[in-house]
1. Looking at 125, 95, 91 in this structure, which one is among the aliphatic types (A, V, I, L, M), under 20 Å from residue 156 (Cβ atoms) and in contact (Cβ under 8 Å) with a residue 60 or more places away in the chain?
2. Looking at 229, 223, which is the one that is more than 17 Å from the chain's Cα centre (by Cα), within 13 Å of the ligand (Cβ to nearest atom), more than 24 Å from residue 154 (Cα to Cα) and not in a strand (DSSP E or B)?
3. Out of 109, 145, 161, which single residue is part of a loop (DSSP other than H, G, I, E, B) and either under 30 Å from residue 16 (Cα atoms) or touching a residue at least 40 places away in the same chain (Cβ under 8 Å) (or both)?
4. Filter segment 170-185 for residues that are charged (D, E, K, R) and away from the ligand (no atom under 12 Å from the Cβ); which is surrounded by the fewest Cβ atoms within 10 Å (Cβ to Cβ)?
5. Determine whether segment 195-212 contains at least one residue that is surrounded by 15 or more Cβ atoms within 10 Å (Cβ to Cβ), over 20 Å from the mean Cα position of the chain (by Cα), in a helix (DSSP H, G or I) and not basic (Lys, Arg).
6. Test each condition in (1) away from the ligand (no atom under 16 Å from the Cβ); (2) in a strand (DSSP E or B); (3) of a type outside the set (Asp, Glu) for residue 150 and report the one that comes out false.
7. Out of 224, 289, which single residue is at pLDDT below 95 and surrounded by fewer than 19 Cβ atoms within 10 Å (Cβ to Cβ)?
8. Report yes if residue 236 is free of Cβ contacts under 8 Å to residues at least 40 places away in the same chain, within 12 Å of the ligand (Cβ to nearest atom) and not polar (S, T, N, Q), otherwise no.
Amino acid sequence: MITVIGSINMDIVVETNLFPKQGETVLGESFHTVPGGKGANQAVAAARLGAHVHMVGALGNDAFGQVLRNLLKVESVKDQFVETTSTATGIANIILFEQDNRIIVVPGANHDVTKESIDAAREQIAKSELVIMQLEIPQETVEYALDMCQELGVKVLLNPAPAENFKEEWMDRVAYFTPNETECADIFKDDVENALERYPNRLIVTLGADGARYYDGEKHVIVKGFKTVPKDTTGAGDTFNGAFAYALTTGVGITEAVKFANIAASLSVEKFGAQGGMPKVEAVQARLK
Ligand code: ATP
């Protein structure tokens, strides 16, 4: 059983050929809403593979909140610890303009995930094989949850995004830490080899299409990515994390779990949307052969 403590957002995507100047109104090309938030994405990635997943988070008492809660239920992610609060549901307003993405995130209810939310889920956390967190909820909540997991002896997989919210002193409370290369450089202010050698079997750096790497205490291990033609890489990292967590709970070692996660993420980039391409376990197994 996995517990994900993190964000749930609705991505509001507008495509336009004209970018409005100050005070101007323009006609756009298309509009759609897509479920997102790193927490929800990673929960869905793990659940779709067959993990038993509980989510700890918060939604607003509004239409997006209802839609996102229903989507979690459809994916069999347990929503008992997803509170409904008086703040609006978190959103990411994404403007696709020419080759450019302009994104405004309003965390909204995600900032209502507090120490009390973690206390409410304590029993669930204690029963978990693994807790997954990212950094789109308040820092003090992440810190509190890390302390609780350490006290309860529950392993934590921390995906440090956005990296600026990470504190290096947390490393001793983390079993697995999964930055991409940019986040790794931002956090450790060092080259990737040195950073990996400081945290053997704990720091796993994702390398986009090239896969992921870690240091096993004796040598650097690079687990190559699965070659594919990507359509949309949004959510590749979230699929990787959900799948890596799922694989670890099946009892495999780090190399096998990374291989599994690379394949799951390669399947996800072949379809549009963060959650759209997240695979079922059979699809991953077919590629593992
Ligand atoms: P994102 O922010 O796009 O969700 P990220 O920056 O957190 O992703 P990446 O290192 O880019 O993380 O990708 C995560 C994983 O997704 C990689 O380790 C790899 O397994 C897979 N992946 C990403 N891009 C590709 C690709 N083009 N082809 C195959 N696999 C990919």
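1. Exactly one residue qualifies, and that residue is 125.
2. On the way: 223 fails: not in a strand (DSSP E or B).
One residue alone meets the criteria, 229.
3. Being part of a loop (DSSP other than H, G, I, E, B) and either under 30 Å from residue 16 (Cα atoms) or touching a residue at least 40 places away in the same chain (Cβ under 8 Å) (or both) holds for just one of 109, 145, 161, which is 161.
4. Within segment 170-185, the match that is surrounded by the fewest Cβ atoms within 10 Å (Cβ to Cβ) is 172.
5. Scanning segment 195-212 turns up at least one residue that is surrounded by 15 or more Cβ atoms within 10 Å (Cβ to Cβ), over 20 Å from the mean Cα position of the chain (by Cα), in a helix (DSSP H, G or I) and not basic (Lys, Arg).
6. (2)
7. Values: 224 fails: at pLDDT below 95.
The match here is 289.
8. Numbers: free of Cβ contacts under 8 Å to residues at least 40 places away in the same chain: yes; within 12 Å of the ligand (Cβ to nearest atom): yes; not polar (S, T, N, Q): yes.
Answer is yes for this residue.
The values are calculated or read from the model by the stated rules, or taken from the named source; none is laboratory data. These figures come from a predicted structure and were not determined experimentally. No Cβ is skipped: glycine too gets one built from the backbone with ideal geometry, and neighbour counts run over all protein chains shown.
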